[in-house]
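Each remark here refers to the structure printed beneath this line.
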Amino acid sequence: MKLADNKATLSFSNGSPSVEMPVYQGNIGPDVIDIRKLYAQTGMFTYDPGFLSTASCQSGITYIDGDKGELLYRGYPIEQLATNVDYLDTCHLLLKGELPNATERVDFHKLVTNHTMVNEQMQFFLRGFRRDAHPMAVLTGLVGALSAFYHDSTDINNPEHREIAAIRLIAKMPTLVAMAYKYGVGQPFMYPQNDLSYSGNFLRMMFGTPCEEYKVNSVIERAMDRIFILHADHEQNASTSTVRLCGSSGTNPFAAIAAGVACLWGPAHGGANEACLNMLEDIQRQGGVSKVGQFMEQVKDKNSGVKLMGFGHRVYKNYDPRAKLMQETCNEVLEALGLENDPLFKLAKQLEKIALEDDYFVQRKLYPNVDFYSGIVQRAIGIPVNLFTGIFALARTVGWIAQLNEMIGDPEYKIGRPRQLFTGSVKRDVKPLDQR
Ligand code: SDX
């Protein structure tokens, strides 16, 4: 970051001395006011629950322009990546800062492929869960448990450990997600098959069985890969911030990523795709398109607590570029599967049309986000609704690792330890029981 030719001066109406703070600028995006010395100089904290106006770090990985609806991974527009490269190329880009050349591409794909198996002991963790356990509960456990198997790569301050842990996590997440799915449906786990692509291998571990050869459908393979690319990273979102804060204690990368999985599960974040599909199915059950108007009234009624899931975003105040690409992928997959008339897809498009013309949404700049269409295409592929967020976690693992490694690689990083505005009881003495 570089000093801007600007400074911030904070003055106080009570006559306290004003404070001058440096302003830094990035290569693109908003400048930042450096408040690191504020507490020492004023004895006061800033106050920003939800971090609406707070930059927690400097980063060179992903840039979002919320007003333009623009998303760049290491400078490349998501629209170009989603149509010109595959997910493992995107992983190479996010981790190393550049797309791989032909040789690097072969080496990186091979490296990941050779780490897709998990230790045979991992399967016994699943037996502790009920068969109907939510896959995100299972995944949070499995990812955290990985740290028990790799004592040779848990020193997060060792660059080699960070490198091999990154490869292991990217390679093993599809295997773990597929195991969580197979355990739920009572089918045998499928071992990875090294002659398949990353996405093809995932589809086979999900839908293949030992009873017959599994043929990868190339349209679905490409759609799966694009879903992974679209979910790979997204600046300092809630789960990435969780991974950074967790990793700042020096814990091992597996534990930090497990914390990210747990945070992503929430319906306001990665759990929104599952919540969105459930919302569409509810409306469909109640009458479909004819019930959209009534549903929208509920959404606009503050007391209903009903939100249009898959809509709105803290940063995007324009159309989420990933939602557009996801809608295209929806069209491709539904066409390839002869499901063009999928009622939920029609319903989603009708909801979007009505919302984008409705003042409530226009005023609040609420547009479809990545989760609005992703559930429809995953459902068409045959992925169960309760696994949607697991797929999101699979794809986001590379983003979490890239962001964690960027933080750990910054010699200036410190353990994250926010302060508070205390509004509880001031000091008081314990009274004897008979006086309480
Ligand atoms: C992801 O951060 C990321 O980058 C996340 C993500 C990623 O890739 O990591 O992009 C992935 O999590 C996408 C978001 C998925 N979540 C949902 O689709 C859930 C529904 N969306 C909302 O919960 C909400 O829009 C959030 C949580 C996404 C954003 O919330 P904010 O920024 O805190 O905004 P807000 O809740 O203050 O909303 C502003 C106004 C409020 O109304 P008023 O109080 O001004 O009258 O808009 C309303 C909200 O009630 N609003 C909605 C709404 N989202 C916001 N009203 C109806 N339906 C919605 N979906």
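Per-structure values
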| read-out | value |
| --- | --- |
| Per-peptide average of other Cβ atoms within 10 Å, ordering 373-380, 242-249 highest first | 373-380, 242-249 |
| With Cα atoms, 0 to 90° folded angle of helix 343-357 axis to the chain main axis | 30 |
| Which of I170, I33 is most accessible, then next, and so on - probe 1.4 Å | I33, I170 |
| Cβ-Cβ FRET estimate between D48 and R285, R0 fixed at 45 Å, reported to 0.05 | 0.65 |
| Residue-averaged [θ]222 nm for the chain, counting only DSSP H segments that reach four residues, each worth -39500 (n - 2.57) | -15500 deg cm²/dmol |
| Ranked order, W265, W400 - accessible area, probe 1.4 Å, largest first | W265, W400 |
| Relative contact order, percent, the chain [alpha-carbon distance under 8 Å, six or more residues apart] | 19 |
| Neighbour cut-off at most 10 other Cβ (10 Å), DSSP loop, trypsin sites (Lys or Arg not before Pro), the stretch 122-201 | R127, R130, R131 |
| Euclidean distance between Cα centres, the stretch 201-231 to the stretch 351-375, Å | 30 |
| Whether the stretch 164-262 is rounded, prolate or oblate, judged on the alpha carbon gyration tensor where a/c under 1.5 counts as rounded | prolate |
| Highest-MSF residue in the chain out of P22, P253, P418 [GNM, Cα springs under 10 Å] | P418 |
| Three-way shape call for the stretch 170-327 based on the alpha-carbon gyration tensor, with the a/c threshold at 1.5 | oblate |
| Within a Gaussian network of the chain (alpha carbon springs, distance under 10 Å), most fluctuating of M21, M326, M136 | M21 |
| Rg and Dmax [Cα atoms of the chain; Å; Rg one decimal, Dmax integer] | 23.6, 80 |
| At R0 = 35 Å, FRET efficiency that the Cβ-Cβ distance of K68 and A133 yields, to 0.05 | 0.25 |
| Crossing angle, helix 253-264 versus the chain [Cα axis fit, 0-90 degrees, rounded to tens] | 90 |
| Prolate/oblate/rounded call for the stretch 285-377, Cα gyration tensor, a/c under 1.5 rounded | oblate |
| Most mobile of M44, M206, M190 in a GNM of the chain (Cα contacts under 10 Å) | M44 |
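The values are calculated or read from the model by the stated rules, or taken from the named source; none is laboratory data. Bear in mind the structure is a predicted one, so any value in this text is a computation, not a measurement. All Cβ positions, even for glycine, are placed from backbone atoms using ideal geometry, and neighbour counts span all protein chains on display. All accessible areas refer to the heavy atoms of the entire protein, side chains included, with ligands and DNA or RNA removed. Shrake-Rupley method; radii C 1.70, N 1.55, O 1.52, S 1.80 Å.
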